[in-house]
Amino acid sequence: MIRYSPLWKTMSSQKVTTYTLRVTHGMSHATVQRLQKDMPVSTHTLNKLCEILHCRLDEIAEYVPDQHNN
């Protein structure tokens, strides 16, 4: 499962809010909600987040193996 926990830490350290993502950078409310719920988003969205936050992908997302697949 892909989780976006690192995204919230990166945003916090840079003082970027979900409001900033939506209003300043034009990210849709639905996309922000998907990120908040650890739902799938496109690679385009991940790329845009890296550009906005000037960071690497591992500062936005992490892979955590599903418990039931082990």
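Report, by residue number, each residue of the range 33-70 that is part of a loop (DSSP other than H, G, I, E, B) and open to solvent by 80 Å² or more (accessible area, probe 1.4 Å).
37, 40, 54, 56, 70
Going through the range 1-24 one residue at a time, which ones are outside any loop (DSSP other than H, G, I, E, B), free of Cβ contacts under 8 Å to residues at least 40 places away in the same chain and among the β-branched types (Val, Ile, Thr)?
Passing the criteria: 18, 20, 23, 24.
The values are calculated or read from the model by the stated rules, or taken from the named source; none is laboratory data. As the structure is a computational prediction, the values presented were derived from the model and not from experiment. Backbone-built Cβ (ideal geometry, glycine too); neighbour counts: all protein chains shown. Note: areas computed on protein heavy atoms with side chains; ligands, DNA, RNA excluded. Shrake-Rupley method; radii C 1.70, N 1.55, O 1.52, S 1.80 Å.
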